[in-house]
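Have a look at the structure below, then the notes.
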Ligand code: GLU
């Protein structure tokens, strides 16, 4: 099963509980544009390498297309279509006035020098600049891209279109970025974890956490949760899996990753373990915050956590999701749990548009307000209609995007 099949299955099961017309249903699953480009650059040793780049614009009924760009060897058109559709639902769940898009380049950025990475990014912008823009489609960071990538995109775009800071979000604060954007996805994940624990009659203080992925999302979620008294007892990334029942120091671990040559937790003090053992660890919360498709029908029944909070996009296959739910596990779905990033992307875009910048407290307060409202609405719909949280989140998203589509007229 591909990512695309997975996201369509989630869409279908929510759509089946609603009375959508066949026309609306068809419009909601059809991506508006699928762009594939060949990106050729001269490598440091003088030879030319060609990389495949993608931008999929899924739906803009509620506002300009919005979503990240990832640099990863697994990037392809199908994955981008699936992830673009998740962005459409995610922006609708939190009520930010954007649609959904996603893209990226099929590359392992760890094998490129900084110069090669910059040339690749600028060349990619040369190929897609006509279909992006502050009122058209606004990229952002995703897997293996960061604020530096966004700075290059803004600069390259401005060579064609003049000064347009709102063309991308997740920019450095020194270059029209927003305070709080860096931490925003992880903060949203941490907030959802805290609220879901409270709904289960538990407190975040003292709760044990296993985290897969310690990049931007995982490291911020871990640090914020640690600040509230949670204990990170297992963690893994592309190069190592470690556990420590006395709890990792999330700040020290983040500092280690920042200076490690592989940008990994590898080499930090802890007992080596495996991904299988991390998923099966006896913890209160499991947070997959790396890549998609990691919780599957084969490993779902090993999960002992009673709460799974999806920091990554699409980490749980539909079969795994059903198994988890039938085991009594609460799953806070990606389109709610990791929506803090796009929420503060929206704040960044608003600040860019107004040329007026907020302090961090204002960003964080507004983020929490938006996430709380979305969380409460998903929970309300889930209880009222006897649905799991994911199906409820899809129902809300489909309802909102459907309304906008009908109002606009087909
Ligand atoms: N890549 C992030 C996501 O998947 C952020 C997208 C954005 O801010 O546009 O939600």
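The values are calculated or read from the model by the stated rules, or taken from the named source; none is laboratory data. Since we're looking at a predicted model, the values are computed, not measured. Here the Cβ is made from the backbone with ideal geometry for all residues, glycine too, and neighbour counts use every protein chain on show.
If you scan the stretch 342-359, which residues turn out to be touching a residue at least 40 places away in the same chain (Cβ under 8 Å), more than 19 Å from the chain's Cα centre (by Cα) and either surrounded by 13 or more Cβ atoms within 10 Å (Cβ to Cβ) or within 14 Å of the ligand (Cβ to nearest atom) (or both)?
So in the stretch 342-359, the residues touching a residue at least 40 places away in the same chain (Cβ under 8 Å) come out as 342-349, 351-353, 357-359.
Now drop any that are not more than 19 Å from the chain's Cα centre (by Cα), which leaves 351-353, 357-359.
Selection gives 351, 352, 357, 358.
How about the stretch 294-384: which helices (runs of 4 or more DSSP H) wholly inside it have at least 2 residues that are out of contact with any helix residue (DSSP H, G or I) (no Cβ under 6 Å at 6 or more places or on another chain)?
On the way: elements: 318-326, 334-337, 340-354.
Here the list reads 318-326, 340-354.
Let's see how each residue does on (1) within 16 Å of the ligand (Cβ to nearest atom); (2) out of contact with any strand residue (DSSP E or B) (no Cβ under 7 Å at 6 or more places or on another chain); (3) closer than 20 Å to residue 341 by Cβ; (4) at pLDDT 95 or above:
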{"position": "47", "(1), (2), (3), (4)": "no, yes, no, yes"}
{"position": "77", "(1), (2), (3), (4)": "no, no, no, yes"}
{"position": "88", "(1), (2), (3), (4)": "yes, no, yes, yes"}
{"position": "94", "(1), (2), (3), (4)": "yes, yes, yes, yes"}
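For the stretch 249-289, name all the residues that are surrounded by 16 or more Cβ atoms within 10 Å (Cβ to Cβ), in contact (Cβ under 8 Å) with a residue 24 or more places away in the chain and part of a loop (DSSP other than H, G, I, E, B).
263, 264, 265, 266, 268, 270, 273, 280, 281, 283, 284, 289
Can residue 176 be described as away from the ligand (no atom under 16 Å from the Cβ) and at pLDDT 95 or above? Before the answer, list the steps.
On the way: away from the ligand (no atom under 16 Å from the Cβ): no; at pLDDT 95 or above: yes.
Considered against the rule, which asks whether it is away from the ligand (no atom under 16 Å from the Cβ) and at pLDDT 95 or above, residue 176 comes out as no.
Could you identify the single residue in 162, 115 that is surrounded by fewer than 16 Cβ atoms within 10 Å (Cβ to Cβ), without any contact (Cβ under 8 Å) to a residue 12 or more places away in the chain and out of contact with any helix residue (DSSP H, G or I) (no Cβ under 6 Å at 6 or more places or on another chain)? I'd like the intermediate steps shown before the answer.
On the way: 115 fails: without any contact (Cβ under 8 Å) to a residue 12 or more places away in the chain.
Exactly one of 162, 115 is surrounded by fewer than 16 Cβ atoms within 10 Å (Cβ to Cβ), without any contact (Cβ under 8 Å) to a residue 12 or more places away in the chain and out of contact with any helix residue (DSSP H, G or I) (no Cβ under 6 Å at 6 or more places or on another chain), namely 162.
State yes or no: is residue 25 surrounded by fewer than 24 Cβ atoms within 10 Å (Cβ to Cβ) and in a strand (DSSP E or B)?
Details: surrounded by fewer than 24 Cβ atoms within 10 Å (Cβ to Cβ): yes; in a strand (DSSP E or B): no.
Judged against the criteria, residue 25 is not a match.
Would you check which residues across the stretch 117-144 are within 14 Å of the ligand (Cβ to nearest atom) and at negative phi and list them?
132, 134, 136, 137, 138, 139, 140, 141, 142, 143 - these are the residues of the stretch 117-144 that are within 14 Å of the ligand (Cβ to nearest atom) and at negative phi.
Go through (1) within 15 Å of the ligand (Cβ to nearest atom); (2) buried (at least 23 other Cβ atoms within 10 Å of the Cβ); (3) free of Cβ contacts under 8 Å to residues at least 40 places away in the same chain one by one and return the number of the condition residue 147 breaks.
(2)
So that you can scan it fast, the table gives a plain yes or no per residue for (1) within 13 Å of the ligand (Cβ to nearest atom); (2) touching a helix residue (DSSP H, G or I) at 6+ places or on another chain (Cβ under 8 Å):
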{"residue": "170", "(1), (2)": "yes, yes"}
{"residue": "180", "(1), (2)": "yes, yes"}
{"residue": "190", "(1), (2)": "no, yes"}
{"residue": "202", "(1), (2)": "no, no"}
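For residues that are in contact with a strand residue (DSSP E or B) (Cβ under 8 Å, 6 or more places away or on another chain) and in a helix (DSSP H, G or I), scanning just the stretch 200-233, find the one that is surrounded by the most Cβ atoms within 10 Å (Cβ to Cβ). Quick ask: steps written out before the conclusion?
Taking the stretch 200-233 as the starting set, the residues that turn out to be in contact with a strand residue (DSSP E or B) (Cβ under 8 Å, 6 or more places away or on another chain) are 200, 206-214, 216, 218, 221-222, 225-226, 230-233.
Now drop any that are not in a helix (DSSP H, G or I), which leaves 216, 218, 221-222, 225-226.
Working: 216: 24, 218: 30, 221: 34, 222: 29, 225: 27, 226: 19.
Going through the qualifying residues, I end up with 221.
Filter the helices (runs of 4 or more DSSP H) completely within the stretch 62-165 down to those with at least 2 residues that are farther than 29 Å from residue 29 by Cβ. So that I can check it myself, show each step before the final result.
Values: elements: 77-94, 114-128, 147-161.
In the stretch 62-165, 114-128, 147-161 are the helices (runs of 4 or more DSSP H) which contain 2 or more residues that are farther than 29 Å from residue 29 by Cβ.
With the structure loaded, tell me whether residue 55 is in contact with a strand residue (DSSP E or B) (Cβ under 9 Å, 6 or more places away or on another chain), in a strand (DSSP E or B) and over 17 Å from residue 33 (Cα atoms) or whether it fails that test.
Numbers: in contact with a strand residue (DSSP E or B) (Cβ under 9 Å, 6 or more places away or on another chain): yes; in a strand (DSSP E or B): yes; over 17 Å from residue 33 (Cα atoms): no.
Against the criterion (in contact with a strand residue (DSSP E or B) (Cβ under 9 Å, 6 or more places away or on another chain), in a strand (DSSP E or B) and over 17 Å from residue 33 (Cα atoms)), residue 55 does not qualify.
Which numbered condition trips up residue 36, out of (1) out of contact with any helix residue (DSSP H, G or I) (no Cβ under 8 Å at 6 or more places or on another chain); (2) surrounded by fewer than 21 Cβ atoms within 10 Å (Cβ to Cβ); (3) touching a residue at least 24 places away in the same chain (Cβ under 8 Å)?
(1)
When only residues in the stretch 1-22 that are under 20 Å from residue 298 (Cβ atoms) and part of a loop (DSSP other than H, G, I, E, B) count, which is nearest to the chain's Cα centre (by Cα)?
Selected residue: 2.
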